[in-house]
1. Please enumerate the residues belonging to the stretch 117-147 that are in a helix (DSSP H, G or I) and of a type in the set (Gly, Ala, Ser).
2. Can you tell me which of GLN113, GLN45 is in contact with a helix residue (DSSP H, G or I) (Cβ under 8 Å, 6 or more places away or on another chain) and either modelled with pLDDT of 90 or more or assigned to a helix (DSSP H, G or I) (or both)?
3. Need the failing condition index for ALA102 against (1) under 20 Å from LEU33 (Cβ atoms); (2) outside any helix (DSSP H, G or I), just the number.
4. Against the condition at pLDDT 95 or above, among the β-branched types (Val, Ile, Thr) and over 30 Å from ASP97 (Cα atoms), how does ILE40 come out, does it pass?
5. Filter the stretch 14-73 for residues that are in contact with a Ser or Thr (Cβ under 8 Å, 6 or more places away or on another chain) and hydrophobic (A, V, I, L, M, F, W, C) and give the result.
6. Look through LEU54, LEU8, LEU62 and report the one residue that is surrounded by 12 or more Cβ atoms within 10 Å (Cβ to Cβ) and within 30 Å of ALA130 (Cα to Cα).
7. Quick one: count up the residues across the stretch 62-105 that are touching a Lys or Arg at 6+ places or on another chain (Cβ under 9 Å) and within 29 Å of PHE6 (Cα to Cα).
8. With in contact (Cβ under 8 Å) with a residue 24 or more places away in the chain and either out of contact with any Cys (no Cβ under 6 Å at 6 or more places or on another chain) or surrounded by 13 or more Cβ atoms within 10 Å (Cβ to Cβ) (or both) as the only criterion, which of ALA130, ALA135 stands out?
Amino acid sequence: MKRFRFRLDPVLRYRQYRERLALMELARARQALVLSKKKIQQVQQIRKVVITDLNARQTEGLEVSRHRIYAAYLQGLGEKIESENEHLVEIGGVVRDKHETAEAKRISKETLQRVRQTQYANYLQASDRAQQKAADEVIALRKRPGG
């Protein structure tokens, strides 16, 4: 009997490739999410240091112009944190979308793999039947008188 050949192997390989691409895109999106979180933490840390410095200087006495500079800088840091939080929400949506895409690609690939497994099981059954039939014919030839 012929060797098993799955005619959709090129399609299966392509689906595996697409799944790998989707997983790489998901990894990039997750990396961007982590970087955004780190950036927010860094800005928050800077803000804490500036607030501590401002409080220390206020106890010593601080000029109004200097206080305005601190206030403007703190306001800028607050706005930067706010914009990074918005960016974080956007990236979270992108990660969710990439995850759904990767999951869909995985399901698509696994569906084709199941088809392949089913066809391979059918091939094995047909092969077993053919071998059994050949064995039965050999036995029948031996039992036949004059054969």
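1. ALA121, ALA126, SER127, ALA130, ALA134, ALA135, ALA140 - these are the residues of the stretch 117-147 that are in a helix (DSSP H, G or I) and of a type in the set (Gly, Ala, Ser).
2. Step by step, each of GLN113, GLN45 is checked, and only GLN113 is in contact with a helix residue (DSSP H, G or I) (Cβ under 8 Å, 6 or more places away or on another chain) and either modelled with pLDDT of 90 or more or assigned to a helix (DSSP H, G or I) (or both).
3. Result: ALA102 passes all but (2).
4. No; evaluated as a whole, the condition is false for this residue.
5. Listed by number, the residues that qualify are ALA22, LEU26.
6. Just one listed residue meets the conditions, LEU8.
7. Qualifying residue count for the region: 1.
8. ALA130
The values are calculated or read from the model by the stated rules, or taken from the named source; none is laboratory data. Given the structure is predicted, the values throughout are model-derived calculations rather than measurements. Here the Cβ is made from the backbone with ideal geometry for all residues, glycine too, and neighbour counts use every protein chain on show.
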